[in-house]
Amino acid sequence: MSGFIYSMVKSVIKTGLYGYHKKIVVSGLEHIPKDKPVMFLPNHQSALIDVLLIATDCNRKPYFLTRSDVFKGKLLKGIFSYFQMLPIYRMRDGRDTLSNNDAIFNSCADILSRGEALLLFPEANHNLQRRVRPLSKGFTRILIRTLELYPDVDIMLIPVGLNYKHADQFPDQVAINYGKAISAKSMYVANDLNMTSRNLKNAVSLQLKQLTTHMPIEQDYDTMVNLLNTKNVDFLNPTEVNNKIRHYTNEVSNSSDLTNAAKGKSVLRSVFNVLNFPMIIMWHKWLMPKVPEKEFMGTFRFAFILLVYPLYLLLLFVGLSMVLSIKVALTALVVLVLLNLWFVKKGLN
């Protein structure tokens with residue numbers, strides 16, 4: 001029964017993700033071993049959406065390291081535990097809480113020693129900017145702890161590049177690129193743990209900069225982003241985008257080089273808004289102002305649609321059934337769902 005609930009929730013979320021996004025492209029799944037311990041190490045842009053995209057398509061059942069401040073109350077702790085989430089404590093949680101990480105690192109070592117999968121974000125923070133940030137030593141500490149306790153375990157590190165077209169907008173497109181496996185054991189130097197940590201971070205960072213768009217820190221970020229948008233580059237193809245970044249380095253952004261395609265799209269957006277007027281109003285007037293950071297915009301919007309849209313359809317069905325007939329109400333709902341899918345996949349920007 002327990003496994004059934006997990007599978008059912010996973011199926012619902014996966015269906016929701018594919019309905020929410022205009023396009024999801026997944027590549028590199030063949031790099032993920034099925035019979036070895038795995039640590040997924042993605043870049044981090046869109047809060048919980050990043051986790052859900054990997055968890056529903058990676059062909060493993062990973063454990064997740066999650067910020068400790070969400071583990072409040074017995075109910076939430078029970079739910080998070082069921083979905084294999086482990087708290088990780090940060091300086092902002094209080095210096096006295098950091099000692100709790102020692103037990104968490106031991107739990108992670110035990111998980112990996114059993115040949116299971118673990119997902120954590122090596123950048124240790126999220127940001128919408130299209131660049132790979134410096135990696136923290138947190139994931140290397142877990143790896144070193146595991147290899148100290150279980151020296152024969154060969155942990156496969158899988159860098160994951162998450163590439164959003166516009167992570168804070170709807171509908172969005174995303175490409176998830178799984179990199180080639182890196183053997184942590186092959187980089188472990190027992191008598192030089194600092195070298196081990198540096199080697200691990202360099203190897204993962206190098207792949208991440210190839211699997212996702214990476215703008216070097218010395219570049220004028222806003223100017224380059226404007227130029228890439230003007231050139232209408234495909235952010236789902238990081239190899240192409242990174243080549244263009246190198247090519248465009250000396251060019252100046254020209255924001256006037258736009259097409260009129262957006263005008264036609266705005267009409268379709270208006271039709272979509274009319275068809276879903278109650279939800280649009282609820283989102284803009286009630287929930288959207290509560291989103292704490294732009295990086296959480298996709299997460300809040302996806303959760304809102306996943307939870308509220310079925311209720312909206314139910315209320316619409318009841319209302320139309322009372323005024324017209326059950327047959328007409330059911331037909332209207334099917335047409336509305338199909339139209340919304342078309343808008344998401346084809347009609348909207």
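The heavy atoms of Lys345 offer some 70 square angstrom of accessible surface to a 1.4 angstrom probe. Residues whose amide H comes within less than 5 Å of that of Ala117, counting only those at least five positions distant or on another chain, are Val38, Lys61, Tyr63 (H built at 1.01 Å from N in the peptide plane). The HN-Hα couplings worked out from phi for segment 180-192 by the Karplus form 6.51 cos²θ - 1.76 cosθ + 1.60 (θ = phi - 60°) are 6, 5, 10, 7, 5, 4, 5, 9, 7, 10, 4, 9, 8 Hz, whole numbers, x standing for Gly and Pro. Tell me the mean residue ellipticity at 222 nm calculated for the chain from its helices only (DSSP H runs of n ≥ 4, each -39500 (n - 2.57), averaged over every residue, nearest 500). The helix contribution divided over the chain gives -15500 deg cm²/dmol.
Rounded if a/c is under 1.5, else prolate if a/b is larger than b/c, else oblate: which is segment 90-184, with a ≥ b ≥ c the root eigenvalues of its Cα gyration tensor? Oblate is the answer for segment 90-184, as a/c is 1.5 or above yet b/c matches or exceeds a/b. With a 1.4 Å probe rolled over the protein heavy atoms of all chains, the accessible area of Ser183, Ser270 falls in the order Ser270, Ser183, largest first. Sorting Trp342, Trp283 by accessible area puts them as Trp342, Trp283; the probe is 1.4 Å, largest comes first, and only protein heavy atoms count. Looking at segment 1-52, the accessible area is 48 square angstrom per residue; that uses a 1.4 Å probe and ignores ligands, DNA and RNA. Ligands, DNA and RNA left out, the 1.4 Å accessible surface of the chain is 61% carbon and sulfur atoms. Scalar couplings 3J(HN,Hα) for segment 329-337, obtained by applying the Karplus form with A = 6.51, B = -1.76, C = 1.60 to θ = phi - 60°, are 4, 5, 4, 4, 5, 4, 4, 4, 4 Hz; x denotes Gly and Pro. Each residue of segment 143-158 was assigned a 3J(HN,Hα) from its phi angle through the Karplus expression (A = 6.51, B = -1.76, C = 1.60, θ = phi - 60°), giving 5, 5, 4, 5, 6, 5, 7, 9, x, 8, 7, 9, 7, 9, 8, 10 Hz with x at Gly and Pro. For segment 62-220, what class follows from the C-alpha gyration tensor (a ≥ b ≥ c being the square roots of its eigenvalues): rounded when a/c is under 1.5, otherwise prolate if a/b is larger than b/c, else oblate? Taking the square roots of the gyration eigenvalues as a ≥ b ≥ c, segment 62-220 is oblate. Among the listed pairs Lys36/Lys201; Lys14/Lys61; Lys61/Lys180; Lys61/Lys294; Lys244/Lys294, which have their C-alpha atoms separated by more than 24 angstrom in this model? Beyond 24 Å: Lys61/Lys294; Lys244/Lys294.
The values are calculated or read from the model by the stated rules, or taken from the named source; none is laboratory data. The structure displayed is predicted, hence computed values, not measured ones. Please note that ligands, DNA and RNA were not included when accessible areas were found on the heavy atoms of the full protein model with its side chains. Shrake-Rupley method; radii C 1.70, N 1.55, O 1.52, S 1.80 Å.
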